[in-house]
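Accompanying notes for the structure given below.
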Amino acid sequence: MKMEKEILLIVPPTRSYTQRLPLGLMYISSYLESKGEKNDILDFKGISNDLAYNKIKKKIIEIKPEFVGITCVVSEVNIVNDMCEFIKNNSSETIIVIGGPHASICPENFIERGIKFDYLVLGEGEITVYELIQTLKEEGNVNNVEGIAFIKAGKLVKNKPREMIHNLDELPFPAYDKVDMKYYCRPNVWAIRPIYISSFMIFTSRGCPYNCNFCAAHAVWGRKVRFMSPERVVAHIEYVIKNFDIDALYFGDESFTVSKQRIYDIFNLLKRKNIKILFGCQTRVNLLDEELLKFLKNNGCLQIDFGIESGSDRMLDIMNKQTNIEMSAKIAKICRKIKLRHFANMLINVPGETLDDIEKSLQFVKDMGYNSVIWNVYCPVPGVNWEITLDMDDLDTFNNYPSKEAFELLESKYKFGKYKQSIIMMLDYLYSNTFHPKHFKLSLQPYYYRSIYQSISYVFDIRYILQLVKSKRKMEYIINLFKQSFSM
Ligand code: B12
């Protein structure tokens with residue numbers, strides 16, 4: 001017999017301060033809704049983690065939902081453990097389903113930790129969770145539901161993996177109506193980092209064909225890229241512009257320009273429809289040429305983000321990045337020439353790295369004149385290709401990254417760089433030589449002055465200024481500027 005059941009999708013309270021849409025659950029939510037499964041997303045924003053958690057607990061007690069879906073990345077496994085315990089103690093009938101990267105990469109970790117879940121969804125979740133809910137409602141056999149794992153006789157059983165969704169156009173847009181879009185649309189510096197603009201991230205494809213050793217993202221969407229059609233992408237852009245009065249968008253695709261033709265098609269279609277947007281995107285230096293860079297810039301690109309990772313070819317090989325500094329230098333030169341802001345994501349503490357590699361990276365970043373740079377610290381989260389992965393017992397400490405304790409742990413156990421300086425000292429050194437608002441230091445170095453200009457160069461971009469003048473959010477820009485810090 002079919003019954004109406006209550007479905008609650010929960011964003012862990014650890015994200016209460018992140019101004020980034022919980023896209024995973026928003027896709028799950030809209031898909032379920034499109035199939036007639038009513039559901040809600042619990043996503044409490046702008047309050048402390050504790051307060052957010054208390055609100056989640058209150059809702060659980062109040063609603064006693066039939067199904068709870070929780071999303072989980074590696075650093076959230078403890079809070080997810082705690083939530084499951086609470087749910088089972090206060091609403092024992094609730095069926096708990098956990099999905100997201102950590103469930104997909106490390107399902108065993110959930111049983112090892114004694115987490116009180118009922119089902120794990122491995123990988124892309126939309127169809128799997130719908131079929132699971134249907135099967136449970138109809139009291140069918142869950143053994144036939146592809147893409148899930150569950151405990152049977154004390155052991156983790158993994159069903160046959162599910163094939164990826166062939167036609168991404170069939171997915172409804174994320175459930176913007178289920179989250180606080182007023183909060184997410186506030187001008188911020190996290191979408192097109194660090195450009196202060198009302199903007200959020202959308203995806204137009206899934207998957208990445210590359211196999212960088214430090215990345216775990218393939219565990220969810222695999223290595224074959226699946227694209228939404230240009231028509232679908234444009235419809236999505238039209239929808240968000242019409243509904244949310246945002247001033248820009250960020251394309252979160254792993255490598256936005258993996259199909260050059262599709263990029264031309266998307267923006268030509270936007271032009272035909274007379275839709276103008278400012279945007280940021282991320283891609284790889286080997287997936288661009290001058291013509292495409294110019295095309296992007298002429299079609300509203302404010303900034304392009306690159307995973308440069310290192311200024312040492314030896315390290316790029318170790319990472320299996322499949323780029324080299326010559327390629328990066330060529331693209332940086334074009335960006336400078338056409339005055340397109342370019343942002344470098346760098347990575348330190350990679351196995352095999354020496355002080356010499358660090359110096360090469362620093363010099364490279366300076367020489368290339370990137371407008372912004374972030375020095376990321378490699379941590380071996382589960383799903384990366386290197387043999388050493390994070391000891392799950394260390395998660396409690398790692399969960400608080402970037403706390404003092406987390407850095408101590410990295411230093412004592414997960415320091416892969418072969419140099420005597422500590423990771424934290426190294427970061428300080430790198431940032432103080434490449435401007436970052438967080439590491440504001442008075443210095444007479446010429447690079448410093450140049451990099452201040454580079455960091456805020458968007459302010460001198462006429463397109464940015466015009467957008468602010470046109471924006472319906474003018475007052476919000478001013479008010480929030482005082483409220484928000486420039487931390488990333
Ligand atoms: C944007 C992003 C961030 C943002 C926002 C994260 C957020 N929590 O919203 C920021 C910068 C804050 C961030 C931080 C971190 N991130 Co991050 N992040 C991403 C990124 C680039 C995109 C995430 C996204 O929006 N995906 C789009 C949505 C639609 O996909 P999805 O969430 O995976 O959801 C799908 C499935 O997973 C599944 N699903 C997800 N949840 C659920 C729930 C249920 C019930 C079901 C059934 C299914 C399901 O179905 C969805 C649709 O198919 C990914 C890489 C990637 N491409 O996925 C890394 C990634 C998720 N991050 C990662 C990591 C490690 C982190 C940090 C721990 C880094 C750090 N050192 O602090 C922190 C954790 C902070 C936190 N509490 O979330 C790793 C996770 C690896 C792992 N083993 O868990 C990834 C995969 C990056 C990588 N290259 O390795 N991140």
Of all residues in segment 13-40, how many are surrounded by 21 or more Cβ atoms within 10 Å (Cβ to Cβ) and of a type in the set (Val, Ile, Thr)? 1
Mind listing just one residue for me: the one in segment 201-237 that is near the ligand (Cβ under 10 Å from one of its atoms) and part of a loop (DSSP other than H, G, I, E, B) and, of those, modelled with the highest pLDDT? Phe203
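Report, by residue number, each residue of segment 246-285 that is among the polar types (S, T, N, Q), modelled with pLDDT of 95 or more and touching a Ser or Thr at 6+ places or on another chain (Cβ under 7 Å). Don't jump to the end; show me each part of the working.
Taking segment 246-285 as the starting set, the residues that turn out to be among the polar types (S, T, N, Q) are 255, 257, 259, 261, 268, 274, 282-283.
Narrowing further to those that are modelled with pLDDT of 95 or more: 257, 259, 261, 268, 274, 282-283.
Within segment 246-285, Thr257, Thr283 meet the criteria.
What are the residues in segment 286-341 that are β-branched (Val, Ile, Thr) and more than 19 Å from Tyr264 (Cβ to Cβ), if any? Talk me through it step by step, then tell me what you get.
Let us first name the residues in segment 286-341 that are β-branched (Val, Ile, Thr), namely 304, 308, 318, 323, 325, 331, 334, 338.
Result: Ile308, Ile318, Thr323, Ile325.
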Kindly provide the set of residues from segment 137-149 that are of a type in the set (A, V, I, L, M, F, W, C) and within 13 Å of the ligand (Cβ to nearest atom), ordered by number. Val145, Ile148, Ala149
Look at Val179 and say whether it is at pLDDT below 95, crowded, with 16+ Cβ neighbours inside 10 Å and within 15 Å of the ligand (Cβ to nearest atom). no
State all residues of segment 238-256 that are within 16 Å of the ligand (Cβ to nearest atom), in a loop (DSSP other than H, G, I, E, B) and either over 21 Å from Phe173 (Cα atoms) or not hydrophobic (A, V, I, L, M, F, W, C) (or both); if no residue qualifies, say none. Gly252, Asp253, Glu254, Ser255
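Yes/no matrix, rows are residues, columns are (1) out of contact with any Phe, Trp or Tyr (no Cβ under 8 Å at 6 or more places or on another chain); (2) assigned to a strand (DSSP E or B); (3) touching a residue at least 12 places away in the same chain (Cβ under 8 Å); (4) within 25 Å of Glu33 (Cβ to Cβ):
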residue	(1), (2), (3), (4)
Leu120	no, yes, yes, yes
Ile127	no, no, yes, yes
Thr135	yes, no, no, yes
Glu146	yes, no, yes, yes
Filter segment 374-388 down to the residues that are more than 8 Å from the ligand (Cβ to nearest atom), assigned to a loop (DSSP other than H, G, I, E, B) and not charged (D, E, K, R) and list them by number. Tyr378, Pro380, Asn385, Trp386, Ile388
Tally, over segment 125-160, of residues that are at pLDDT below 95 and among the aliphatic types (A, V, I, L, M): 1
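Only one residue in Ile87, Ile98, Ile105, Ile79 is farther than 30 Å from Ile197 by Cα, aliphatic (A, V, I, L, M), under 21 Å from the mean Cα position of the chain (by Cα) and at pLDDT 95 or above, so which one is that?
Working: Ile87 fails: under 21 Å from the mean Cα position of the chain (by Cα); Ile105 fails: at pLDDT 95 or above; Ile79 fails: at pLDDT 95 or above.
Going through Ile87, Ile98, Ile105, Ile79 in turn, just one is farther than 30 Å from Ile197 by Cα, aliphatic (A, V, I, L, M), under 21 Å from the mean Cα position of the chain (by Cα) and at pLDDT 95 or above: Ile98.
Out of curiosity, is Ile195 assigned to a loop (DSSP other than H, G, I, E, B) and either within 9 Å of the ligand (Cβ to nearest atom) or modelled with pLDDT under 95 (or both)? Spell out the reasoning first.
Numbers: assigned to a loop (DSSP other than H, G, I, E, B): yes; either within 9 Å of the ligand (Cβ to nearest atom) or modelled with pLDDT under 95 (or both): yes.
It is true that Ile195 is assigned to a loop (DSSP other than H, G, I, E, B) and either within 9 Å of the ligand (Cβ to nearest atom) or modelled with pLDDT under 95 (or both).
Working carefully through the options Asp289, Asp317, find the one that is modelled with pLDDT of 95 or more, more than 26 Å from Thr389 (Cβ to Cβ), among the charged types (D, E, K, R) and out of contact with any Gly (no Cβ under 9 Å at 6 or more places or on another chain). Give the derivation first.
Values: Asp317 fails: more than 26 Å from Thr389 (Cβ to Cβ).
Exactly one residue qualifies, and that residue is Asp289.
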Can you name every residue in segment 83-94 that is surrounded by fewer than 24 Cβ atoms within 10 Å (Cβ to Cβ) and under 19 Å from Tyr53 (Cα atoms)? Cys84, Glu85, Phe86, Lys88, Asn89, Asn90, Ser91, Ser92, Thr94
The lone exception for Gly383 - which of (1) under 25 Å from Ile79 (Cβ atoms); (2) out of contact with any His (no Cβ under 9 Å at 6 or more places or on another chain) it fails: (2)
Qualifying residue in segment 249-260 (condition: surrounded by 21 or more Cβ atoms within 10 Å (Cβ to Cβ) and among the charged types (D, E, K, R)): yes
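The values are calculated or read from the model by the stated rules, or taken from the named source; none is laboratory data. Note that the structure is predicted; figures quoted are calculated from it, not measured. Backbone-built Cβ (ideal geometry, glycine too); neighbour counts: all protein chains shown.
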